[in-house]
1. How much of the DSSP bridge set in the stretch 409-674 is antiparallel, in percent, rounded to the nearest 5?
2. Give the aspartates and glutamates whose C-alpha is closer than 14 Å to that of residue 622, dropping any in the same chain fewer than 8 places away, or say none.
3. With only Lys, Arg, Asp and Glu charged, each at its Cβ (+1 for the first two, -1 for the last two), find how big the charge dipole of the stretch 409-674 is about the Cα centre; round to the nearest 20 debye.
4. Over all directions, how big on average is the projection of the convex hull of the alpha-carbon atoms in the stretch 409-674, in square nanometres?
5. Could you pull out the pairs from 213/312; 255/303; 255/584; 108/255 whose alpha carbons sit more than 21 Å apart here?
6. Per-residue HN-Hα couplings for the stretch 664-677, Karplus 6.51 cos²θ - 1.76 cosθ + 1.60 at θ = phi - 60°, whole Hz, x for Gly and Pro?
7. What is the local net charge at residue 278, summed over the other residues whose Cβ is closer than 13 Å to its Cβ (Lys, Arg +1; Asp, Glu -1)?
8. Pairs of alpha-carbon atoms within less than 8 angstrom and 6+ residues apart define the contacts here; what relative contact order does the stretch 425-504 have, in percent?
Amino acid sequence: MKTFIKAYLLLALFITSSIGIIHAQNTLSPEKLLNLKSTRAVQMHPDGQQVLYTIYTPRTPNEAPGGSHVSYMVANLKTYKSTHLFNEEEKVSAPQWSPDGKILAFKKKTDNGYQIFVRPASGGKASQATESASSINSFAWHPNGKGFAYTSTTPTTTEEKELKKRGYDFIFFEENIKNDNLFLVELDDDFKQSAVKQITEGVNIWDFKFDTKGEQLAYTSTALKLIDQKYMFRKIHIYDLVNMNVKQVLKNVGKLGNYSFSPDGIHLSYTGAFDLHDHAVSQVYKVTIADGSITNLTPNKYKGHINWSGWKNNKELVYLAHEGVNPKLFAVDITTKQRKLILDSKTSGVIFSSPVVSSNFKSFAFSGSTPKDMSNIYTWNGKGKLSKFTHLNPELMTTALGEQELISFEARDGLKIEGLLMKPVGYKQGEKYPLMVYVHGGPESHHSNGWLTGYSTPGQIMAGKGYLAVYFNYRASTGYGVDFAMHGFEDPAGKEFDDLADGIEYLIENYGADRNRVGMAGGSYGGYASAWFATYYTNYIKAAAVFVGITNVISKKGTTDIAYEELHVHSGESLEEQWEMNLKQSPIYHAHKSKTATLIYGGAADPRIHPSQSLELYRRMKMNDHPAVRLVQYPGEGHGNRKQVGRIDVLYRQINWMDWYVKDLKPLDGPMPALDISDQYGLDW
C-alpha cells in the first residue's frame, strides 16, 4: 500500500511538473518575441480598393547585423488577398502610386545614388525617371502625374572629395553642413526626365506636400540640417507653383506634426504644439492661406493630444487624438469648431495609428494592435467595425499571455495617474508576485492600451515568468492634455518620478506586488527614471536597467543634439540659472546611496543621450564601491538599438539581470549574472 501511495505521489508530481513545463513553454518566450512581425499602412490606392503596406520581419541571430527586412505588399480590399509588390531580390524603397493609380514610382540605388524609377502599377519592366546629381532622399508625385517634387542633399564638390582623399576631412561641428534642397522635375510621355528646377537653396527642407490641384506646394525648412532645428524651428512655407515663388510663410510655433491642403486649396491644416514650451504635438490648426491667419480648432483645455489631421472635405477636418490610453478619430467643422467622434479604440478594441484614406474618405486603412496582438493591418469603411486584414503572428493566438488591465491611482498630491498592468499568467488574488516597472521615454510619450511588449520592455515575457509588469503614464506624459504635460516643465525627476514611486506603493497594496522584489527598466527619459530609482529612490527597487538614460543633467545639456529642444520644452531657463537644481536632480549626485543592482547599457554612437552619460553613472558607482553595476555599450548604435544583434543582447541581458536580483533575490555583494550570454542568442556555431 505504501509503495502504491508513493508511486501515485511520484506520478502526480510528474504530471504537475509536466503541466508546469508545458505551461511555461506556452508563454511568450524571448525567441518568440524576437521573431514577431510588424506592419505599417503606407498608401491607399486612388480607387479606394487597394492599400499598400509594409511587413517588417526581424533578422535572425545568424544573419548579418542590421534592421528588419522590409516587404512591400498590395492588398485587394475586395478579395482580401495580398501580393508582393516587388521580387525579393529587388532592392527598392518608398513605392507610391501615381494620382491616377496607373503608374508605380519607387526609389532604387544606382551608381549615382538613389533615383526614382517607374513601372506600370500592374507590373512590368521598370525604367529610371530621374537623373539627379546626388541621391534622392524623398519624393512625391505631382498631382498631374507628369512629374515629381523631391529632395536631394547638396553634392560634395570635387575639391572636398580631394581634400578627404588626402586626409584633410576635418569635422567642423555643426558647420559646413550639407542641406537638403527641394526640386521639381517634369517627365515626358515616356516618363523620362525632361526638365528639372531647384526651388530652394541655402536652407534645409524637411518635408513637403502638394495641394490637390498642383498649384501650391507646402514645405518646412530650417537654416541647417540639424535635428534640434527640426524639432523646434521648422516653419511652413507655401510655394506658388504658378508664379514660382513663396507666397506665404506661416507663423507656426514650436513642435510640428503633419500638414495638408483642403481640397479647394484655400486652407491648410497642421498639427503642432500649443506654444513654444509645449513638449509635444498636441493641437490641430486651420490656416487661411491668403492672409496666413491661424485658427486653433482644438477644444479649450483639451485633456488629450492631437497628432494627425486630414481633410474630409472643404468644410471638415478629421483628426487623430489620444485621450489617455485610447486613440480616437474625430471630425471637426472648421467654421463652428463642433466636433464629432467617428471612431473610438475603446469600443473597437484596436489601438490604431493615423490612417491612410481614399480621396472620398470612404476607405481607411490603419496599422493596429491589441493587448494580445502585436501588429496587423485593419480596414474601415467610415462606419461600423474595423476589419482585420492581415494575420501576421498567428502563434500569439495559442500563446498564454498575461491579462492587461487599465489601472489608476491618486499620487501623493491627489493627481490621478493611469497605467497599464499585465498580470502574471495564472494570476491569483492574494498571492505575492515580483514586479517589473517599465518607464516610457520622452517624457513626451505615453502608453496606449494595445501591445506593449518590446525588446527593451518585455512585459509579456515577464508575465509568463510570474511577474506583474506595469507601464505608467506618469505626469508629463502625452494623452492627458497640455496642463498635465507641463507638470514636468522646469522640474526634471520631480513629481513625474514621484508618481512612479506612488504607483509602486499602489500595486503593493492592491495587486500583490512584493515590496522586496521590484525591478525597473526604461530607455532615454525612462532610463533617467531607472537611474533615479537606482540612486535617489534606491529603497524602492532591487534592480534597475538603465537604457540610453540621462544620469547627469548638466553634462547632458552640453552633449545632446537637441539642446534647444531641451531648453524650450523642458528646462525653460538656461543652465546658468539652474546649476544647483540640475546637479541635485542628477542620478550621479545620489550614486553613493545606491543599494540597487544597476545594469547600464546603450549605443556607443548615441547623439541624443551621449554615451558618456552611461559612463558617468558607472564610474560614480564604482568609485563608491558599488558591488553590482555593469556597463554594456553597442558599437554603431544610436538612441536605441536598430540592429537585431543589439536587440537580442538587451532582451536576454535584462531578463537575466532581473531574474537574478529581483525574482531570485541574489545578494548585491555576491556574484553578478554571467557576462557572456552568447549561448542564449540562438547562434549556429
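No value in this document is a laboratory result; all are computed from the given coordinates. Everything numeric here is computed off the predicted structure, so don't read it as measured data. Reconstructed Cβ throughout: ideal geometry from the backbone, glycine too, with neighbour counts over all protein chains shown.
1. Counting only bridges with both partners in the stretch 409-674, antiparallel ones make up about 25 percent.
2. Partners found: 669.
3. The dipole of the stretch 409-674 has a size of about 1240 debye.
4. Dividing the Cα hull surface by four gives the mean projection, 13.2 nm².
5. Pairs exceeding 21 Å: 255/584; 108/255.
6. Calculated HN-Hα couplings, in order: 9, 6, 5, x, 4, 8, x, x, 8, x, 4, 6, 8, 10 Hz.
7. Net of charged neighbours comes to -3.
8. Computed value for the stretch 425-504: 29 percent relative contact order.
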